[in-house]
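A short worksheet on the structure shown next.
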Amino acid sequence: MDLFENEVDGGVHEQAIGAGAVVLRGFAAADAARLVAAVEAVIARAPLRHMLTPGGQRMSVAMSNCGALGWISDRRGYRYDAVDPLSGRHWPALPALCTSLAARAARQAGYAGFAPDACLVNRYEPGTRLSLHQDRNERDFDAPIVSVSLGIAAVFLFGGTERADRPLRVPLRHGDVVVWGGPARLRYHGVLPLAAAQHPLTGGYRYNLTLRKAG
Ligand code: MD3
Ligand code: FE
């Protein structure tokens, strides 16, 4: 697969890792401390938890949400819901910083007018992995998904349209933002088990935010 690279501004490198997928290296670096603080405020109100897959397996990623809709998984399936099942209350509001960063990143990648209504917060600790999956619980696959990586680095697996397609390995580091749209939107993807490290803003953790138009 070709890897195109293109310097944009202020040290942000734009990298196309496949049709519809654009890595904006360091795009969130200047906002990272405020993003981590926003994540901490969200998880103080909607605590991170290990959801169950429909098959009853405990997910190794700890998850929470903010926004009008949040992604949940339990024995009944995968879906979006306006209410946090732990508290019975609405998810915390989407921080304005997250909404604006996602819209700016999407615009840079060619998706003007991206207005997310959901943000899944994933927290990884050493050993945490995310097996190959597709994101297909959103109503409209024409909208992209914007991901923001914070804290210690991970190896992202970018597969094809079939689960058996051999995935490309892409390192995702603190401050990297990726826009997944168009033909990339339904590709299989996952994260290799996280290696132990320390980051000044997040300690031993990696956070990943995925901003979505779910409803
Ligand atoms: C490619 N999260 O939350 S972000 C997820 O690092 C998820 O926590 C990973 O996969 C993480 O669903 C990967 C990158 C990502 C997110 C959504 C995608 C890549 C994607 C949707 C379609 C294709
Ligand atoms: Fe995903």
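The values are calculated or read from the model by the stated rules, or taken from the named source; none is laboratory data. Computed from a prediction, not measured in an experiment: that's the story for all the values here. Here the Cβ positions follow ideal geometry from the backbone for every residue, glycine too, while neighbour counts run over all protein chains shown.
What residue, of 34, 79, 89, is under 28 Å from residue 112 (Cβ atoms) and surrounded by fewer than 16 Cβ atoms within 10 Å (Cβ to Cβ)? Result of the check over 34, 79, 89: 34. Residues in region 6-48 that are among the charged types (D, E, K, R), modelled with pLDDT of 95 or more and part of a strand (DSSP E or B): 25 only.
Taken over region 97-124, the criterion of being touching a helix residue (DSSP H, G or I) at 6+ places or on another chain (Cβ under 7 Å) and either buried (at least 21 other Cβ atoms within 10 Å of the Cβ) or on the phi > 0 side of the Ramachandran plot (or both) is satisfied by 98, 101, 114, 116, 119, 121. Checking each residue in region 54-85 for being more than 24 Å from residue 101 (Cβ to Cβ) and over 18 Å from the mean Cα position of the chain (by Cα) picks out 54, 55, 56, 57, 58, 74, 75, 76, 77, 83, 85. Counting the residues of region 69-96 that are in a strand (DSSP E or B) and in contact with a helix residue (DSSP H, G or I) (Cβ under 7 Å, 6 or more places away or on another chain) gives 0. Summed over region 135-146, residues that are touching a strand residue (DSSP E or B) at 6+ places or on another chain (Cβ under 8 Å) and surrounded by fewer than 24 Cβ atoms within 10 Å (Cβ to Cβ) total 4. The set of residues in region 46-96 that are touching a Lys or Arg at 6+ places or on another chain (Cβ under 7 Å) and on the phi > 0 side of the Ramachandran plot contains only 56.
Here the strands (runs of 3 or more DSSP E) wholly within region 141-215 that include at least 3 residues being of a type in the set (Gly, Ala, Ser), within 12 Å of ligand 1 (Cβ to nearest atom) and out of contact with any Gly (no Cβ under 6 Å at 6 or more places or on another chain) are 145-151. Among residues belonging to region 125-134 that are at negative phi and either assigned to a loop (DSSP other than H, G, I, E, B) or surrounded by fewer than 19 Cβ atoms within 10 Å (Cβ to Cβ) (or both), point out the one that is nearest to ligand 2 (Cβ to nearest atom). Looking at the filtered set, the residue picked out is 133.
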